[in-house]
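The values are calculated or read from the model by the stated rules, or taken from the named source; none is laboratory data. Remember, it's a predicted structure, so these values are computed and weren't measured experimentally. Note: ideal-geometry Cβ built from the backbone for every residue, glycine included; neighbour counts use all protein chains shown. All accessible areas refer to the heavy atoms of the entire protein, side chains included, with ligands and DNA or RNA removed. Shrake-Rupley method; radii C 1.70, N 1.55, O 1.52, S 1.80 Å.
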Amino acid sequence: MESLAADLRDRALGRVIDRADIAEFSVLKTYDPPLAALHGAELKDVARHGKFLDLITSPAAPAAPGTALHLITHLARAGWLRWREDLPDQPPRPGKGPLAFRLRFADGAGFDLTEAGTRKRLAVYLVTDPAAVPGIASLGPDPLSPEFTAEALGGLLGGRRTQIKGVLRDQRLIAGIGNAYSDEVLHAARMSPFRLASSLSPDEVKSLHGVIITTLRGAIERSSGLAASELKKEKKAGLSVHGRTGEKCPVCGDTIHEVSFANSALQYCPTCQTGGKPLADRRLSRLLK
Ligand SMILES: [Zn+2]
């Protein structure tokens with residue numbers, strides 16, 4: 001997504017929009033302002049919010065001085081953006097084919113958004129405030145941003161009577177840790193994945209905060225400069241417990257265990273994290289009752 005945004009910036013900044021058209025009705029998720037408001041608007045910048053691409057334009061007839069219009073898209077799994085130097089004058093006919101949306105600049109260049117397959121997930125929004133798009137407003141803070149302080153983490157955990165593993169991988173609370181690195185963070189912090197978030201002491205919050213940052217920085221350092229094809233292998237090699245059920249803990253040599261969690265599984269080291277006691281697999285024990 002970041003490279004797609006950079007590519008669009010190179011090609012299209014300063015261009016004036018002629019028209020925006022939908023070719024698949026389900027794509028457009030907003031109605032006010034209408035797509036016609038983009039006519040004559042100049043593309044000022046292209047930003048990214050998580051997996052959303054944000055085309056920031058200054059409209060020809062702004063609702064208020066300085067009001068930007070944001071054309072935001074989420075390509076979903078099967079969506080793609082294709083730049084074209086020469087688009088037809090006429091709007092596309094809705095219906096058949098993978099074409100979902102077309103943006104044409106006044107000089108005839110522009111891009112198509114296409115979506116393969118039948119699952120219509122690609123979405124387009126036209127808004128004056130990106131936070132109005134569901135999924136953008138709900139992304140939690142980036143753990144490597146300056147706002148993510150130990151106090152901010154404490155605020156997220158305080159009063160939350162859910163397991164710490166679930167909190168760490170919830171994108172709405174903290175963006176970008178995910179399933180694998182939440183296992184790694186909890187192992188490095190020597191903390192049970194089933195600890196209640198609200199039960200952490202201020203010292204534990206502080207040390208967890210430090211571990212989150214060093215774990216993510218380490219992962220980024222290891223992968224910097226690697227080609228996309230090497231990234232997966234490097235990620236796997238850098239993990240201590242995640243995906244390593246039955247292997248030896250690199251810290252203490254105990255056997256790494258697995259327990260079901262939500263709709264998947266998590267891995268942990270009993271000696272490092274749970275005082276040597278294996279965690280009870282709730283799904284399994286429910287089946288045995
Ligand atoms: Zn261990």
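Please pick out the residue among 135, 140, 95 that is on the phi > 0 side of the Ramachandran plot, within 20 Å of the chain's Cα centre (by Cα) and among the small types (Gly, Ala, Ser). It would help to see each step written out before you state the result.
Details: 140 fails: on the phi > 0 side of the Ramachandran plot; 95 fails: within 20 Å of the chain's Cα centre (by Cα).
None of the others qualify; the one that does is 135.
Just give me the residues in segment 134-189 being of a type in the set (Asp, Glu) and assigned to a loop (DSSP other than H, G, I, E, B), in sequence order.
If we filter segment 134-189 for residues that are of a type in the set (Asp, Glu), which is where we start, we get 142, 147, 151, 170, 183-184.
Once the filter is applied, which keeps residues that are of a type in the set (Asp, Glu) and assigned to a loop (DSSP other than H, G, I, E, B), segment 134-189 yields 142, 147, 170.
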Residue pairs within 6 Å by beta carbon, gap of at least six or interchain, first lying in segment 125-144 and closer than 27 Å to residue 182 by Cα and in contact (Cβ under 8 Å) with a residue 12 or more places away in the chain, second open to solvent by 70 Å² or more (accessible area, probe 1.4 Å) and of a type outside the set (Gly, Ala, Ser), listed first then second, are 138/172; 140/172; 141/147
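May I ask you to list the residues in segment 1-28 that are assigned to a helix (DSSP H, G or I) and open to solvent by 60 Å² or more (accessible area, probe 1.4 Å)? Break it down into steps so the answer makes sense when it comes.
Residues of segment 1-28 that are assigned to a helix (DSSP H, G or I), as a first pass: 2-12, 25-27.
Those that are assigned to a helix (DSSP H, G or I) and open to solvent by 60 Å² or more (accessible area, probe 1.4 Å): 2, 3, 7, 9, 10, 11, 25.
Name every residue in segment 232-281 that is of a type in the set (S, T, N, Q), more than 8 Å from the ligand (Cβ to nearest atom) and open to solvent by 40 Å² or more (accessible area, probe 1.4 Å), in order of residue number.
To start, the set of residues in segment 232-281 that are of a type in the set (S, T, N, Q) comprises 240, 245, 255, 260, 263-264, 267, 271, 273-274.
If we keep only those that are more than 8 Å from the ligand (Cβ to nearest atom) too, we end up with 240, 245, 255, 260, 263-264, 267, 274.
Selection gives 245, 255, 263, 264.
Listed here are the residues, each with its yes/no results for (1) among the β-branched types (Val, Ile, Thr); (2) within 16 Å of residue 164 (Cβ to Cβ); (3) touching a residue at least 12 places away in the same chain (Cβ under 8 Å); (4) part of a helix (DSSP H, G or I).
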{"site": "204", "(1), (2), (3), (4)": "no, yes, yes, yes"}
{"site": "208", "(1), (2), (3), (4)": "no, yes, yes, yes"}
{"site": "211", "(1), (2), (3), (4)": "yes, yes, yes, yes"}
{"site": "214", "(1), (2), (3), (4)": "yes, no, yes, yes"}
{"site": "217", "(1), (2), (3), (4)": "no, no, yes, yes"}
{"site": "222", "(1), (2), (3), (4)": "no, no, yes, yes"}
{"site": "233", "(1), (2), (3), (4)": "no, no, no, yes"}
{"site": "241", "(1), (2), (3), (4)": "yes, yes, yes, no"}
{"site": "244", "(1), (2), (3), (4)": "no, no, yes, no"}
